[in-house]
Amino acid sequence: MSAPPPAPTGTTGTAGPAAADTHDAARAALEVLRSEIAKAVVGQDPAVTGLVVALLCRGHVLLEGVPGVAKTLLVRALAASLELDTKRVQFTPDLMPSDVTGSLVYDARTTEFSFQPGPVFTNLLLADEINRTPPKTQSSLLEAMEERQVTVDGTPRPLPDPFLVAATQNPVEYEGTYPLPEAQLDRFLLKLTVPLPTRADEVAVLTRHADGFDPRNLKAAGIRPVVGPADLEAARAAVARTAVSPEIAGYVVDICRATRESPSVSLGVSPRGATALLSTARAWAWLTGRDYVTPDDVKALALPTLRHRIQLRPEAQMEGVTPDSVITVVLAQVPVPR
């Protein structure tokens, strides 16, 4: 995850009418994007919003949920709604790092080695069940996620822009899985939980299937590309101009420092996590139609941005403490700037 742009303090310069129109059009396009995804996925609005925030922040997303709650379908619907290249990797125990990044291939005709790009060379990479592959293969994504490049045989090769990794994992089945190391978890901008649907949403899902919806054929569901690279660039430029006051920056820092001081925590949120929270709060503020960040924006993104950056003490885990409960307590205790 890359760091967000330098946070402005005070007010920002006034954009011209043309720039304002461009930003409004980009915001409208992202609203249409959410509507397109809803054609395939029912009742997962927070996860959809999280994916949009990640696109705006140039970050990566970890989707966690039990099997059958449409994690993969959610990412496929996002890909179908974007005018971007997308690839999918099914992570398995025998997957090798070169199967993700690519490798040098010998050409007998030219007697030379040439680089064959792997699936990571795309705009949107779906890393399905990422915790089913060993750490050696998981680590093949570290450089790609942080530096936006892959180094093979000493040669760095840049990845396309935009580049987003959307990884899924199952939280209840641990046999044959490999927990993600802290270094890799910290590179995910957001960890989104995909819960079981409500009864009304589940009835809506069954009704769609009874009417002929096929999750393997999203074109037939009417999903079309509605957002392109130009829309994303305009939206990201607008987010970068969203004002952050010194009080808000201090509030973000106080929240992250408070997680490190919690008695239930052995490893709290790092400064990278603080920059991530500031970045996601700015994106959320812009999505809701404002050009400045409020404490409510910070609170709204605190759980998905910070939950995977907290490591609990074993005794706290035995008592039923969760990262979400730690963050909730911190948000209630840290003074809110006025």
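The values are calculated or read from the model by the stated rules, or taken from the named source; none is laboratory data. If you're wondering where the values come from, they're calculated on a predicted model, not measured in any experiment. Positions of Cβ are generated from backbone atoms using ideal geometry, with glycine treated the same way; all protein chains shown enter the neighbour counts. In case anyone asks, the SASA skips ligands and DNA or RNA and just uses the protein heavy atoms, side chains included. Shrake-Rupley method; radii C 1.70, N 1.55, O 1.52, S 1.80 Å.
Search region 227-261 for residues being outside any helix (DSSP H, G or I) and open to solvent by 30 Å² or more (accessible area, probe 1.4 Å), and hand back the single one that is nearest to Val298 (Cα to Cα). Steps first, answer last, please.
Quick first cut of region 227-261, residues outside any helix (DSSP H, G or I) only: 227-228, 241-245.
This time we only want the ones that are open to solvent by 30 Å² or more (accessible area, probe 1.4 Å), so: 241, 245.
Values: Arg241: 17, Ser245: 12 Å.
My answer is Ser245.
Name the residues in region 262-290 that are closer than 22 Å to Thr22 by Cβ, surrounded by fewer than 18 Cβ atoms within 10 Å (Cβ to Cβ) and in contact (Cβ under 8 Å) with a residue 40 or more places away in the chain, would you? Spell out the reasoning first.
Restricting attention to region 262-290, the residues satisfying the condition of being closer than 22 Å to Thr22 by Cβ are 279, 282-290.
If we keep only those that are surrounded by fewer than 18 Cβ atoms within 10 Å (Cβ to Cβ) as well, we get 288-290.
Hits for region 262-290 are Gly289, Arg290.
If you go through region 323-338 one residue at a time, how many are open to solvent by 60 Å² or more (accessible area, probe 1.4 Å) and either closer than 14 Å to Arg260 by Cβ or assigned to a loop (DSSP other than H, G, I, E, B) (or both)?
Number of matching residues: 4.
Take the residues in region 272-312 that are polar (S, T, N, Q) and assigned to a helix (DSSP H, G or I), then tell me which one is farthest from Ala238 (Cα to Cα). Explain how you work it out, then say what you get.
Within region 272-312, the subset polar (S, T, N, Q) is 275, 279-280, 288, 294, 305, 311.
Those left that are additionally assigned to a helix (DSSP H, G or I): 275, 279-280, 305.
Numbers: Thr275: 18, Ser279: 12, Thr280: 13, Thr305: 21 Å.
Among residues in region 272-312 that are polar (S, T, N, Q) and assigned to a helix (DSSP H, G or I), the one farthest from Ala238 (Cα to Cα) is Thr305.
Please work out if Ala210 is at pLDDT below 90 and either more than 21 Å from Asn123 (Cα to Cα) or surrounded by 17 or more Cβ atoms within 10 Å (Cβ to Cβ) (or both).
no
Scanning region 42-100 for residues that are part of a loop (DSSP other than H, G, I, E, B) and small (Gly, Ala, Ser), which turns out surrounded by the fewest Cβ atoms within 10 Å (Cβ to Cβ)?
Taking the candidates together, the pick is Gly68.
Thr177 passes all but one of (1) modelled with pLDDT of 85 or more; (2) open to solvent by less than 30 Å² (accessible area, probe 1.4 Å); which number fails?
In the conditions (1) modelled with pLDDT of 85 or more; (2) open to solvent by less than 30 Å² (accessible area, probe 1.4 Å), Thr177 misses (1) alone.
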